[in-house]
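Heads up: the structure comes next, in structure tokens.
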Amino acid sequence: MGCGLGKSKQQMQKCDKVNLSVPASIAIRAAVLIQRWYRRYVARLEIRRRCTWNIFQSIEYAGQQDQIKLYNFFVFLMQHFTPASSERNLISHIFHDDPRHGAQLETFHCYESIEVSNSYTGPRLTFPLTFCGVSKLVETFKHRQKLHARYVLQLLGETAKLLRILANINHVSTSYTKEITICGDLHGHLEDLLLIFYKNGLPSGEKPYVFNGDFVDRGKNSLEILLILFGFLLVYPHDVHLNRGNHEDHIVNLRYGFTKEVLGKYRVHGKKILKLLKKIFCWLPLATVIDHKVLVVHGGISDATDLDTIARVDRHKYVSALRPPSRTKIKNRSDVTADGPVTRRRRVCSLTHDRCVPPQRYELQCRSLQNLPTSSWTEEEEMRRRGVTGAEPRWSYSDLDPDVHDWKQIVDMLWSDPMPQNGCIHNEVRGGGCYWGPDVTEEVLGRHGLQLLIRSHECKQDGYEFCHNRRVLTIFSASNYYEVGSNRGAYIKLGPDLVPHVVQYQASQTCRELSLRQSVGWTERSALQALREQLFVHTSHLIAAFQEFDPNHTGMVSLRDWASATESVLKLGLPWRVLRPQLVSSTCSGMVDYQQWIRELTITKPNLEISDTSILETMYKNHSNLETIFRIIDTDHSGSISLEEFRQTWKLLCSHIQTEISDDAIDDLAKCIDFNKDGSIDINEFMEAFRLVDLSTGPKVTE
């Protein structure tokens, strides 16, 4: 019995060993399979996230390029149309600066005559402003209250006085007891600024801040952010430093929402506020240098950036960085040949460095938009939006008029972006500034004895990004910039060791509660909706492009041809074949039924009885340009223009985009959207009438 028991025990022990060994091998294999599956899952999410990011960024940069092209068109009109022409008069006011300065300007923007009613429950500011006063201001805006126009004008007036005595470049120092906090773009995202103050503390003598431009546009609370930052600047002028960004520009504000925001919040005194801000923006310092070793600038540098020159620039002359100095000449290298100089007509400099208005434009003898040809301006229109390969060299700064040289220094600082390749070329994607490489970073920083460049200007998914061997650091402080969950915000803490410590955050509580899969799905849906709207407004051009690849009129094109044709029309530089599953519901043997696909892009549009439907597509495609022209022509910021001004708005747009729309079609459109028949067009009703709503029946995006 004992032997039997012993044998059974041995057998049991042997079985246990076998049973233990088998599950272990299975567990390892299962773990490997799970790991592989998870890695593929994360990789697919990352691809979707990057594609989503490319869509948002491409559409954003295309809009900036359109803005600069439109402004260059206005420059052309101003320089080549007679002063008495109606077209020139319509836009001339954006080029003419208010000659009033100092006491005259303060009298014009006088706040003392503005009464504050007893029903006003907001803060009643007293000056000189104190920390207590600006703290109340923060609390007011935190609770979505509005500051009275009297105090807005008074605060802006005090800010203007202070900014006029500041240098172009702020010089600040750290200490072992005092770190400097550096914030990037805020773009009207008040919740991000409040979160920074909550996590890091309010600005003070012991907690200095540098805010690196782009405080306004896009978000809904740009004015509140400005008032808070200006308030702290007045209280701590030696510890709060504000750099100018490319959006601190009244021309840019017409397109990206800040002008509309101010006029919506202050209908009576909004015009005065905007005029005062126009002056304040041009007095903002251009850069900050920390401990003589770290340069903080909004956009970046170029191969000719010289801090000594920037320190001497008369910055207040450049009310808009988009505007080149008037009556200056640029010498092109091609003007000098082996046989001597070549005589040419004067060329007008554009914001793209080497891209100037084609000489054909100066041979025009017309002086009215009605006679303006629409077929001769083709040199720039087919320029690729995306990519920097194959770009031509930039203008040599040694060839420039001194005023243009100074202007371009400012443009580079506000508009430029880094690139991984060596060199310095013009920025085709934005249309302004330059791309500069690691060699330029090394040369410029070395020439000025600097070790680090901190810049903003570009939205980053993690809120920050190092490049150029960690000599350049991009910081972006507006979280959820494109959509909830699209990106984190971040700020930098810099101590005496000058090692940047990045703090990330997410302002939206909703986003913090989403999983990675849900967050990617959320932002992807929003990006695809924006992309489908872009595709929809180019419907006729897309069909024409597809038909070139379909000579037999089968209605089918290959995936390769579909991607090529789509990119040739939109010029967004997107990976169309990767995006195909999200945009095209079905394919047959690698072929796309483009006619069915166009139908799937159907988006609800206004039910306007207009005989010429081509004007609708033109409207959809140039929505932002048309709104910008509308706001420029609306000189009194009333929000409405006359029917005749509406016609001129369309004539300006048609000349800019080189198309023709008949006067009858424009009149027909004007009558349709003049709902109350009062003889004027209201901009809000006008834009709402042409608002697109995506109801695409295309493939759904999984979360």
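The values are calculated or read from the model by the stated rules, or taken from the named source; none is laboratory data. Predicted model only: the values in this text are computed from it and were never measured. Don't worry about glycine lacking a Cβ; one is built from the backbone with ideal geometry, like all the others, and counts go over all protein chains shown. Keep in mind that these areas ignore ligands, DNA and RNA; they rest on the heavy atoms of the full protein, side chains included. Shrake-Rupley method; radii C 1.70, N 1.55, O 1.52, S 1.80 Å.
Can you tell me which of 157-168, 212-223 comes out highest on packing, and rank the rest after it, using the mean Cβ neighbours within 10 Å? Display every interim value, and only then the final one.
Numbers: 157-168: 16.1, 212-223: 25.2.
Descending mean neighbour count gives 212-223, 157-168.
Under 5 Å between amide hydrogens, which residues at least 5 positions from His426 or on another chain qualify, with H placed 1.01 Å from N in the peptide plane?
HN-HN under 5 Å from His426: Arg394, Tyr435.
Round to the nearest 0.05 the FRET efficiency obtained for Thr177 and Asn422 when R0 = 45 Å and r is the Cβ-Cβ distance. Please list the in-between numbers first.
Working: r = 41 Å, r/R0 = 0.91.
Efficiency, rounded to the nearest 0.05: 0.65.
In the stretch 446-480, what chymotrypsin sites (Phe, Trp or Tyr not before Pro) fall in a loop by DSSP, with at most 11 other Cβ atoms inside 10 Å?
Values: sites: Tyr464, Phe466, Phe476; in loops: none.
Here no chymotrypsin sites (Phe, Trp or Tyr not before Pro) fit, given the DSSP loop and packing criteria.
Mind scanning Lys271/Lys317; Lys199/Lys278; Lys146/Lys220; Lys275/Lys317; Lys408/Lys460 and naming the pairs with a C-alpha gap bigger than 24 Å? It would help to have the intermediate numbers written out before the result.
On the way: Lys271/Lys317 21 Å; Lys199/Lys278 32 Å; Lys146/Lys220 13 Å; Lys275/Lys317 15 Å; Lys408/Lys460 26 Å.
Distance filter (> 24 Å) returns Lys199/Lys278; Lys408/Lys460.
Could you calculate the FRET efficiency of Asp439 with Thr309 from 1/(1 + (r/R0)^6), where r is the beta carbon distance between them and R0 is 30 Å, rounded to 0.05? Working shown, then result.
Working: r = 21 Å, r/R0 = 0.69.
In this case the efficiency is close to 0.90.
At Gln461 and Ala31, where each label point lies 7 Å from the Cα along Cα→Cβ, what is the point-to-point distance in nanometres?
In this crude spin-label approximation the distance works out to 2.9 nm.
What is the spin-label model distance, in nm, from Phe127 to Asn676 if the labels are put 7 Å beyond Cα along the C-beta direction?
For Phe127 paired with Asn676, the spin-label model returns 3.6 nm.
Taking 7 Å along the Cα-to-C-beta vector as the label spot, tell me the Gln79-Asn684 distance in nanometres, rounded to one decimal.
3.9
Per 0.36 nm of contour for each residue apart, how much would the distance between Glu548 and Ser564 grow if the chain were fully extended, relative to their Cα-Cα spacing? Walk me through the numbers on the way to the answer.
Details: separation 16, 0.36 × 16 = 5.76 nm, distance 1.12 nm.
Extra length available between Glu548 and Ser564 comes to 4.6 nm.
Can you list the trypsin sites (Lys or Arg not before Pro) in the stretch 514-551 that are in a DSSP coil and have 16 or fewer other beta carbons within 10 angstrom?
Details: sites: Arg517, Arg525, Arg532; in loops: none.
In loop regions of the stretch 514-551 (DSSP not H, G, I, E or B), there are no sparsely surrounded trypsin sites (Lys or Arg not before Pro).
Just to confirm, what accessible area per residue do you get for the stretch 471-582 at 1.4 Å probe, in whole Å²? The partial results should precede the final answer.
Details: 4590 Å² over 112 residues.
With the other protein chains kept in place, the stretch 471-582 gives 41 Å² per residue.
Quick check on packing: order 226-232, 241-247 by the mean number of other C-beta atoms within 10 Å, highest mean leading.
241-247, 226-232
Determine the share of the stretch 130-286's accessible area contributed by carbon and sulfur atoms, expressed in whole percent, with a 1.4 angstrom probe. Can you show the working numbers first?
On the way: 2800 of 5250 Å².
Answer for the stretch 130-286: carbon and sulfur cover 53 percent of the accessible area.
Please state, as a whole number in µm²/s, the translational diffusion coefficient that the Stokes-Einstein equation yields for the stretch 554-604 at 37 °C and 0.692 mPa s, with Rh defined as the Kirkwood radius across alpha carbon pairs.
Working: Rh = 11.3 Å.
My calculation gives 291 µm²/s for D.
Return the FRET efficiency for the residue pair Arg164, Thr659: r is the Cβ-Cβ distance, R0 is 51 Å, and the value is rounded to the nearest 0.05.
Once the sixth-power term is evaluated, E becomes 0.70.
Could you pull the Cα extents of the stretch 255-325 along its three principal axes, largest to smallest, in whole Å?
Principal-axis extents of the stretch 255-325 (Cα, largest first): 46, 28, 19 Å.
Answer with one residue from Asn427, Asn480, Thr441: the one whose Cα lies farthest towards the positive end of the charge dipole of the stretch 417-549, charges on Cβ with Lys, Arg +1 and Asp, Glu -1.
Of the options given, the answer is Asn480.
Could you compute the net charge surrounding Glu442? Neighbours are other residues with a C-beta less than 13 Å from the C-beta of Glu442; K and R count +1, D and E count -1. Don't skip to the answer; put the middle values down first.
Numbers: positive: Arg447, Arg470, Arg471; negative: Asp303, Asp439, Glu443.
With Lys, Arg at +1 and Asp, Glu at -1, the neighbours total 0.
Can you give me the % of accessible surface on the stretch 466-594 that is carbon or sulfur? Probe 1.4 Å, all protein chains present, nothing else counted.
Details: 2630 of 5520 Å².
Here carbon and sulfur together make up 48 percent of the probe-accessible area.
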